[in-house]
Each structure stands twice: as structure tokens, then as C-alpha cells.
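Worksheet: the structure to be examined is printed underneath.
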Amino acid sequence: MPKVRLPDGAVKEFDAAVTVAQVASSIGPGLAKAALAGRVDGKLVDTSYLIERDADLAIVTDKDADGLDIIRHSTAHLLAYAVKTLFPEAQVTIGPVIEDGFFYDFSFKRPFTPEDLTAIEQKMAELAKKDETVVRTLMPRDAAVDHFKSIGEHYKAEIIASIPSNEDISLYTEGAFTDLCRGPHVPSTGKLRVFKLMKLAGAYWRGDSRNEMLQRIYGTAWTKKEDLDAYLHRIEEAEKRDHRRLGRQLDLYHLQDEAPGMVFWHPKGWSIWQQVEQFMRRVYQDNGYQEIKCPQILDRSLWEKSGHWENYKDNMFTTESEKRDFAIKPMNCPGHVQVFNSNMRSYRDLPLRYGEFGSCHRNEPSGALHGIIRVRAFTQDDGHIFCSEDQIQPEVTAFNQLSLDVYRDFGFTEIAIKLALRPEQRLGDDGQWDKAEGALRGALTSCGVEWTELPGEGAFYGPKVEYHLKDSIGRSWQCGTMQVDFQMPGRLGAEYVGEDNTRKTPVMLHRAIVGSLERFIGILVEHYAGALPLWLAPVQAVVLTITDRQAPYARDVEARLKAAGLRVASDLRNEKITYKIREHSLQKLPYQLIVGDREMQVGQVAVRTRSGEDLGAMPLESLLDRLREEVSARR
């Protein structure tokens, strides 16, 4: 007679073992219809799962985050079902859930076409309307291998063969299609109503370029059509804002095959870089950081001592000279420890804050590179704080407020804070990790902020706080970090003299606010759709002449604005003013200053904003006051 405890505290008793679906039915027909899965004693299970003993149960519906993941995973299987129905010779491989959707990889004799994608999506809709029951069965490992080989699914057989032989294999069947999966899945295909196939791509089997190139079909699935429509609108907006397209359109930067993952900055793009770097330099100076600069290449022995050679070597570029091995730095921290070690330090020197715009290189896989947002060569607003244990909390607290202030200045007001905890591969013992994680939790608590925890996602040397910024179309970008490191200072011999005159090892706090400047600028370009605020815009205003007669006056206006510290250009071409206005509007310049005979005679400019608003004619000093105030306010 199992007792089932529900989330509201109610307890239901049953005379015999009962399925999750039967419990939902006993609560009410509405919940029975909405049930997608269950969470029994914290574990996600199918609605067909049999509860044979006392247990805690939560019914999962499409209102739960888990419910949406189950819908997406089940829709991936529906996609494979449709492909096998239309193209029986295709072999299925894997089909996981990803952010906002799913994909499934297939092996097929010819490339899928956009027309195939349309046909597959239509077939999925037909199969969903059949509302076929999804049934879970178990099969011995070896029998499952034989089964999939017998039906020509060699990739599935290979996956199953890698599972220990003493394990039973979980299979899910809907109609004529059976697939390998841990589950859970929706109880029937009729639950899958809102989906769309998005695109085709290539993917190597098991991610290894030596293996066959498979065909990947991406899709998305939602609980409501309104959510799908909103997502498709967001995708459309993201395409308009793609920093790679805008980088070309606005002449900011480019990348090319001769330097994969490395950015060629054009004058206007480098101007944006300088605004970001100089702003962050002032942040350093105003908050007690001393700026330093360390070498790009360091001997292998130092990377071995720091732990990077053992834990990060595959991501490092290496070189050799005079029979010595060197590595181009993937991060700045070991160099900062060398600066700390260059003098005897006292507890009176702590906290000691170093900052560097450190240029780093990481050997990212070519397939992971993405414009200037995912690169191999990048510069960080990197800082390291050497402190005592009792200084961790005030330093993290101060950094938290500083980071939120900086993000607000750049136009980001929705920030999610996450705490990444110890990974499986790590340095140090559990006691040190307990202390480091506890210090960060204590600091965040003292800040009065909410955060979520990410088990297993910390750095190999310490846990970290992550700052995730939400942009103007709702996407999340992880930028800043604050990491507590009890490991590296000791490994690299860092010491200070304590109040009791004994040698002590400092704690090292690794911190960055914008992170990679390349990536952050790419995020800014997409966040603002290229229409950067005045203080960041590479060209803040352009002076446009109506005829050649105004050219000397336009040059004088340009010179006076530049003397006031503004970034201004002139367009003196013998073109129609409407053509000039349209062309510079496409360049998303904040202000267009139009000068004709009348403006020249009275010493004014006609001011037009990026949004198309006509502010009328105004004296140059009035315009300067407006621009200075706007730059200062960082609107």
C-alpha cells in the first residue's frame, strides 16, 4: 500500500502499486490530461513508471522547465521517426536537447535539401496527430546490439556496444519506430503540437573529423504557438543583429582564413575597442588596481607548476626555442603571481590588486569559432587580487557592486548571477574547495543577491561566480567572473609575511568584468544592432554639406567639434543631401549635422538624430552641451 506525498504536502494512499499517470488521474482529469512525466523522489520518470513503495511525487506538465525539455527530447525522436518513414535507408545516430530546441544527426546517401526539411516537418505533424502511445521497454545490452544491427542501424549498435554488458538498455517505441534513450518521454505523440525544423548542418560522428560527416537537422519545440512565434521573431532579430554582418556593413572588423579565430580591426572597430578599454582602465584606477603587463610566452616549467600543463595543455599553443618548451599564455594569472613574487610582501600590502589588458591565445576547435565572439586570440580586462582569507568576502562584495555598475553603464540591466562549483578534474582537496565555495556563498549572501548554482562547472583551480547579461532581445551572455583560488599561489611560491611574522600563502581572486574585449564588443554590436550609444560610437556625428559652397564652414564645424573631444567626420561630396542622409543613416551614426547657406550665414547646424528626428537648427555651443551631457550620462 504505497503512500504518495505530493508537493503541497497532501498524501495519497493506494491499495497496490500505481503508475504516475494513475496518481495524476486520481487528483483530477485536468492534471491527468496535462501530465507529461513525473518526478519520483527527485528522479524524472515516465508517466508509466510504477510506484511500488512510499515516495514523493511531483507531476510534470508543460508549465515546468523539465516538461519543456521532455517535449523537446520527444520531438527529436519524432523527427527521427519521420525521417525513417520518408527515407528508410537513413541511419539514426543521436538526438539531444539543446538550448531552445534539439537536433538529430543522420547518415544518408545524399544531402538533405530544404524541400526534404519541409516534407519531414509535415510528416512529423501527421505522426503527432495519430497520438501514438510512447512505450518504454528494457532489453539486455547484447540483444539490443543484435537488434539494431539486424535493422541496419549500425550507429545505434555502436553506441549500445559501448555500454557495460551487464546493463539493460532502455528503448522507446512510438508506432513503427524504436529508438535508444534513457527517457523520460511524453506519454503519446499527440503531446507534441508546436515545433518547427530550423536548418541543416554537418557534424562528424562522435565529433571526430576522422569519422563520417553526418547530416544534422536542427529543430525547436514549445508548449504554446505564441512561444514559438516569439522565438522565431527573436531568431529573425538575431539575424539582423549578427555582429559578423554588421561588422562588414559598418566597416568595423573582419576575419580571414590566414588567421583563424583572430580579428583584423578596422579604424572604426578599433575606436570602439579603445572606448571600452579606456573606460575599463578608469574603472581599474578608480578602484585600487595597479595596471601591469606580462610576457606573452612563458617557459613550460611555469605552466607545469601552475597546473595548466596538466589540465589545459590541449588548449594551449606551444613553441620551442634552444631546446626549451614554451607556451603562449592562454590566461594571465601565472604572470601576475610572478609580479607578486618579485618583492617581499607584508600583510599590510594586502589586498594587492593587479589589472592587465592581457592578450591571450587558446587553441579552440575551428568548428567552435564564431565571428569575434568565439576566437583564438583575445584580450581580457583581467585582474587578480592577492588577499588574506578574511579579506575574501569584502573583496567579492565590492567586485559584485562594481560589476553591476559597469554593466549598467554599457546598457545591461538584467544580470543573472551563477555560482560554478567544483569540477571532477580539479586541484586541491575537498577541505579547500569547501572553504572556497563557502567564501563565495557568504559574499553573495552579504550582497543580498539571488544566484543559482552550477555543480561541476567551476575552474580546475577554484569555484567561480559568473555574471550572465541579458541583451535587448532576451539572450543571455556570460561575461564577468570572480574566482577564489587557494591553489595557484602556493604552487607558484607566493608568500607574504603575516601579522605574527610568519610566512603565509595569499588567496588569489581571479576577476574580469567584461571578459574578452573581442567577445564583449561583439555582444555590444548585437545588443544595440550596431546603433551604439554616443559615448561608444566610433563616429559620433557627421557634417553634411548641401553644396560645395558650405565646404569651408563644414570643415570648421568638424575641427571645432574634434577640438572638444568628439569623433566627427565630414561628407563634402557633390551628392544630393537625401543620398548622403540615407547613406549615413545606414551607418547608424548618432547625429547628422546638415549645413546649407542659411546655417553657414548664422553660424548654426541643422541637427538630425539617428532615429530620424529633426531637432532643427542650433548654435554649435548648444549642440556641444547636448553631446557632452549625453556622453557623460552614457545613455
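Among the GluC sites (Glu not before Pro) in the stretch 427-525, those placed in a DSSP loop whose Cβ has at most 16 other Cβ atoms within 10 Å are Glu450, Glu457, Glu495, Glu499. In this entry, the stretch 185-328 is assigned a mean projected area of 16.7 nm², taken as a quarter of its C-alpha convex hull surface. What would the Debye formula give as log10 I(q)/I(0) at q = 0.13, 0.15, 0.20, 0.23 Å⁻¹ for the alpha-carbon point model of the stretch 302-419, no solvent? Calculated log10 I(q)/I(0) at the listed q: -0.74, -0.95, -1.29, -1.34. For the stretch 504-512, putting each phi into the Karplus relation 6.51 cos²θ - 1.76 cosθ + 1.60 with θ = phi - 60° gives couplings of 10, 9, x, 8, 10, 9, 8, 9, 8 Hz, in residue order, rounded to whole numbers and with x for Gly and Pro. What is the pair-distance distribution P(r) of the stretch 571-635, computed from all Cα-Cα distances in 10 Å bins starting at 0, with each bin given as a whole percent? For the stretch 571-635, the pair-distance distribution reads 19, 50, 28, 3. Checking every one of the GluC sites (Glu not before Pro) in the stretch 593-635 against DSSP loop status and a limit of 16 other Cβ atoms within 10 Å picks out Glu613. Length, then width, then depth: along the principal axes, the Cα atoms of the stretch 533-602 run 32, 26, 17 Å.
Protein heavy-atom accessible surface, 1.4 Å probe, per residue over the chain: 47 Å².
Restricted to Cα atoms, the chain shows a radius of gyration and a Dmax of 30.0, 97 angstrom. Ranking of Tyr218, Tyr579 by solvent-accessible surface, largest first: Tyr579, Tyr218 (1.4 Å probe, protein heavy atoms only, all chains present). Farthest toward the positive end of the dipole of the stretch 482-580, out of Ala512, Gly493, Ile546, is the Cα of Ile546, where the dipole comes from beta carbon charges about the Cα centre.
Relative to the current alpha-carbon distance between Thr118 and Leu615, full extension at 0.36 nm per residue lengthens the span by 173.9 nm. Computing FRET efficiency as 1/(1 + (r/R0)^6) for Asp56 and Ser585, where r is the C-beta to C-beta distance and R0 is 60 Å, gives about 0.50. The accessible surface of the chain, taken with every protein chain in place and a 1.4 Å probe, is 48 percent carbon and sulfur. Projection of the Cα convex hull of the stretch 13-116, averaged over all directions and equal to a quarter of that hull's surface, yields 8.8 nm². With 0.36 nm allotted per residue and the present C-alpha distance subtracted, the Leu369-Lys470 stretch has 34.2 nm of extension available.
Gyration tensor analysis over the Cα atoms of the stretch 503-548 returns equivalent ellipsoid semi-axes of 43, 13, 7 Å (largest first, whole Å). Using alpha carbons only, the radius of gyration of the stretch 66-189 set against its Kirkwood radius gives Rg/Rh = 0.95. For a straight C-alpha distance cut-off of 28 angstrom, the lysines reachable from Lys84 (same-chain residues fewer than eight places away being disregarded) are Lys109, Lys123, Lys129, Lys130, Lys149, Lys156, Lys191, Lys196, Lys199, Lys224, Lys225.
The values are calculated or read from the model by the stated rules, or taken from the named source; none is laboratory data. In this text the structure is predicted, and so the values were computed from the model without any measurement. Because the Cβ atoms are built from the backbone with ideal geometry, glycine has one as well, and the counts that use them run over all protein chains shown. Just the protein is used for accessible areas: all its heavy atoms, side chains included, with ligands, DNA and RNA removed. Shrake-Rupley method; radii C 1.70, N 1.55, O 1.52, S 1.80 Å.
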